[in-house]
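Here the structure is laid out as structure tokens; the discussion comes afterwards.
The values are calculated or read from the model by the stated rules, or taken from the named source; none is laboratory data. Values in this document were obtained by computation on a predicted structure and should not be read as measured data. Here Cβ is always computed from backbone atoms with ideal geometry, including for glycine, and neighbour counts include all displayed protein chains. Side chains are part of the model used for accessible areas, which takes the heavy atoms of the whole protein and leaves out ligands, DNA and RNA. Shrake-Rupley method; radii C 1.70, N 1.55, O 1.52, S 1.80 Å.
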Amino acid sequence: MISLAGRDILHSWGKFVLTGVGLGLLIGATLTMAGVYRGMVDDARVLLTNSGADIWVVQKDTQGPYAESSSIRDDVYRGLLGMPGVAQAANVTYLTMQVRHGARESRTMVVGFEQGQPGEPGYLVAGRRLLRGHFEAIADVKTGFKLGERIRIRRHDYEVVGLTRRMVSSGGDPMVFIPLKDAQEAQFLKDNDAIIADRARTEANPALNRPGVPGLLDAVTASQTINHSVNAVLVKVGAGDTAANVAQEIRRWKHVQAYTREQMEEILIEKLVATSAKQIGMFLAILTVVSAAIVAFIIYTMTLGKIREIAVLKLIGTRNRTIAGMILQQALGLGLIGFIVGKISATLWAPAFPKYVLLETADAMRALAIVMVVCALASTLAIRAALKVDPATAIGG
Amino acid sequence: MDDGIHIEGLSKRYGAGDTAVDALKDVNMRIAPGEVVGLVGPSGSGKTTLLKCLGAVIEPTRGRMTLGSEVIYDSEQGGWKTPDLRALRRDRIGFVFQAPYLIPFLDVTDNVALLPMLAGRTNSASRARALELLQALDVAHRAGAQPSELSGGEQQRVSIARALANQPPVILADEPTAPLDSERALAVVRILNQMASQYQTAIIVVTHDEKIIPTFKRIYHIRDGRTVEEAGEGREIS
């Protein structure tokens, strides 16, 4: 028996392919939405991996530097280094801000780190690591900065000496790494007018400016201008110790919060990305319904256009299941063309997205299965219409 | 007579009670194998209803129909003799329509071969049968063409070939010459006569077409659901 569906598709392949391309673009958008979500999750994991830490020590009762504001003293790490199981401990700061480059501004996350310690970018794609203590930066390639370019962070210019990749915040902002001291200053430094006003207020306060205590005012003023806070301490656990045990000890003996890699991943993915995931999930559901409606409409219209032929086929003895099979195969064919076009489209346009889009094969396979099921369901309307056709309509009168 | 088609006391009533309409009233017909008869009558006289009853598309209210040597319908013995009317239409009845209604996405050969394929014959055997019929109908040179590439006359010849594909004992032709000019209409009737004779098929031609009515040797006039048989002119087609 010949394939009626195949012949019909070949007969009107232009219309079929064009329809499939239209559907494919919609499927491509759906795959991309799924890829955006996967990209967010992957970015979160990469962010944690690239920090090189086993434990994140943050302000008590907060959820860490990526989820909430966290501020701890920059000497906490010394106490941590003395604890059993802690191999390395280093301060880090995170600050999302606009970084100026000439007339242009880029939204970035500025990371302050100590050279050779956890928090340093894991690898470079160009340039070198920081060698000087101040005013050098390593930027993620997504910032668009080039080696040797000068960028402005708050009051100071920094030279881009290295480029790294896949270093973005949980919000997708590319990172710029600068020395910790510079980052602390950038994060907590007040402007000149505020400093003058603060000094005047301190000087006018009789409790802080006692005539009989000559060094007091200078000491108080100095404490106001020097910042000793960081957002987190990254801890590397020594060989033979588990992060969970060390984190428990830190929580027990220090007045801070400590998260292991698994806990931090849970915060990032299940709390930070959760709302975005629901948002994308809604889009996916809507796009699936729209795709189903389009397939149903197209197949239904195509079937209505063949009512007379279907009546003739039924009159000359074609089984209902052959006719239903023809319509079902066409719907599945349309879905297959749409999926192929969608997959190719998503693969081609994904790199152009500002955020990382991760297209996973497993997602594509799931999408193919869903497309096929949706097409099969969408064809039922047309099949129902075809089965209701009375073969008598082929005979005049 | 053992073959052909034999209709006895066929009636068809639509509706019930006061609104009932008797579309066919005690129709009797007998067409021998190889014979082509005309069925003529004004609009609403019951021609199409009769064709639908003969084509096993609608069920008569009363009567008896015999196809070949087999009773296919007897109202006094439970109606249709076979539950599978689709197979009955496929294997025992050929249809030729006013417009050819060829399947647009199948080429000429497969339009004809489709019926044997539906009946379970192999693709190669079905196509061989199709080519044989296309040869007989002088359209074999268009075997690979799409229906849209054929002229009206060629399309109608292909539809006749399709009707003959499963060698049915009867062909029902519904206004087969309506869209054709005189020359082509007469050509179609000539072909129907040739095929009836060659394949020993009984053919009923429902028509309004004044050009072809004189060519029938026997004509059934139908009026208000009743048929009257009369001899036709049987004019030779040159």
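See the values below:
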{"quantity": "Rounded if a/c under 1.5, otherwise prolate or oblate - chain A, Cα gyration tensor axes", "calculated": "prolate"}
{"quantity": "For A:Arg251, solvent-accessible area (1.4 Å; no DNA, RNA or ligand), Å²", "calculated": "80"}
{"quantity": "Per residue value of the accessible surface for the protein assembly as shown (all protein chains in place, 1.4 Å probe), Å²", "calculated": "45"}
{"quantity": "Spin-label pair B:Glu236/B:Ser69, simplified geometry with 7 Å Cα→Cβ offset, distance in nm", "calculated": "3.6"}
{"quantity": "Segment A:49-178 - percent of accessible surface contributed by carbon and sulfur, probe 1.4 Å", "calculated": "47"}
{"quantity": "Proximal charge balance of A:Thr347 [Cβ under 14 Å; K/R count +1, D/E count -1]", "calculated": "0"}
{"quantity": "Between segment B:113-165 and segment B:185-219, the Cα center-to-center distance that results, in Å", "calculated": "20"}
{"quantity": "Protein-only accessible surface order, largest first, of A:Val374, B:Val188, A:Val125 at 1.4 Å", "calculated": "A:Val125, A:Val374, B:Val188"}
{"quantity": "Virtual spin-label span in nm between A:Arg100 and A:Phe188, 7 Å along Cα→Cβ", "calculated": "2.5"}
{"quantity": "B:Lys211 accessible area, assembled protein chains, probe 1.4 Å, Å²", "calculated": "80"}
{"quantity": "Nearest-ten-degree value, helix A:361-387 long axis tilted from longest Cα axis of chain A", "calculated": "30"}
{"quantity": "Within the protein assembly as shown, helix-based [θ] at 222 nm, where runs of 4 or more DSSP H residues each add -39,500 (n - 2.57), nearest 500", "calculated": "-14000 deg cm²/dmol"}
{"quantity": "Most fluctuating residue given options A:Asp241, A:Asp193, A:Asp157, as computed from a GNM of chain A linking Cα atoms under 10 Å", "calculated": "A:Asp193"}
{"quantity": "Probe 1.4 Å, all protein chains present, accessible-area order of A:Trp56, A:Trp253, largest first", "calculated": "A:Trp253, A:Trp56"}
{"quantity": "Accessible area, probe 1.4 Å, largest first, for residues B:Ser11, B:Ser197, B:Ser43", "calculated": "B:Ser43, B:Ser197, B:Ser11"}
{"quantity": "Given charges at Cβ of Lys, Arg, Asp, Glu: the protein assembly as shown dipole, positive-most of B:Phe105, B:Ala143, A:Pro65", "calculated": "A:Pro65"}
{"quantity": "Prolate/oblate/rounded label for segment A:140-288 (Cα gyration tensor, a/c 1.5)", "calculated": "prolate"}
{"quantity": "Of B:Glu183, B:Glu70, B:Glu132, the one that fluctuates the most in a GNM where chain B has Cα springs shorter than 10 Å", "calculated": "B:Glu183"}
{"quantity": "Shielded by partner chains, segment B:56-96 residues - at least 10 Å² of accessible area, 1.4 Å probe, vs chain alone", "calculated": "B:Val57, B:Arg86, B:Arg89, B:Arg90, B:Phe95"}
{"quantity": "C-alpha long axis of helix B:182-199 to longest principal axis of chain B, angle in °", "calculated": "80"}
{"quantity": "Relative contact order (percent, whole number), segment A:85-179, Cα cutoff 8 Å, 6+ residue spacing", "calculated": "33"}
{"quantity": "GNM flexibility winner over chain A from A:Pro174, A:Pro211, A:Pro118 (Cα, springs under 10 Å)", "calculated": "A:Pro211"}
{"quantity": "Residue pairs, from the table A:Lys142/A:Lys254; A:Lys15/B:Lys52; A:Lys278/A:Lys355, whose Cα atoms sit over 29 Å apart", "calculated": "A:Lys142/A:Lys254; A:Lys15/B:Lys52"}
{"quantity": "Shielded by partner chains, segment A:6-25 residues - at least 40 Å² of accessible area, 1.4 Å probe, vs chain alone", "calculated": "A:Arg7, A:His11"}
{"quantity": "Environment charge at A:Phe188 (Cβ cut-off 14 Å; Lys +1, Arg +1, Asp -1, Glu -1)", "calculated": "0"}
{"quantity": "Segment A:131-224 - percent relative contact order, Cα under 8 Å, separation 6 or more", "calculated": "24"}
{"quantity": "Folded to 0 to 90 degrees: helix A:192-204 orientation relative to chain A principal axis, Cα", "calculated": "40"}
{"quantity": "Simple label model, 7 Å out from Cα along Cβ direction - A:Asp157 to B:Asp18, nm", "calculated": "10.3"}
{"quantity": "Cα shape, segment A:219-280, gyration tensor, a/c 1.5 rule", "calculated": "oblate"}
{"quantity": "Stretch gain in nm, segment A:Leu217-A:Arg107, where the contour uses 0.36 nm per residue and the Cα spacing is subtracted", "calculated": "35.7 nm"}
{"quantity": "Relative contact order (percent, whole number), chain A, Cα cutoff 8 Å, 6+ residue spacing", "calculated": "28"}
{"quantity": "Chains B and A together, accessible area buried on both sides, 1.4 angstrom probe, square angstrom", "calculated": "2400"}
{"quantity": "Computed FRET value (nearest 0.05) for A:Thr275 with A:Leu10, which takes r as the C-beta separation and R₀ as 51 Å", "calculated": "0.60"}
{"quantity": "With every protein chain in place, segment B:1-59: carbon and sulfur % of accessible area (1.4 Å)", "calculated": "43"}
{"quantity": "Net charge of Cβ neighbours under 14 Å - reference A:Lys236; Lys, Arg +1; Asp, Glu -1", "calculated": "-3"}
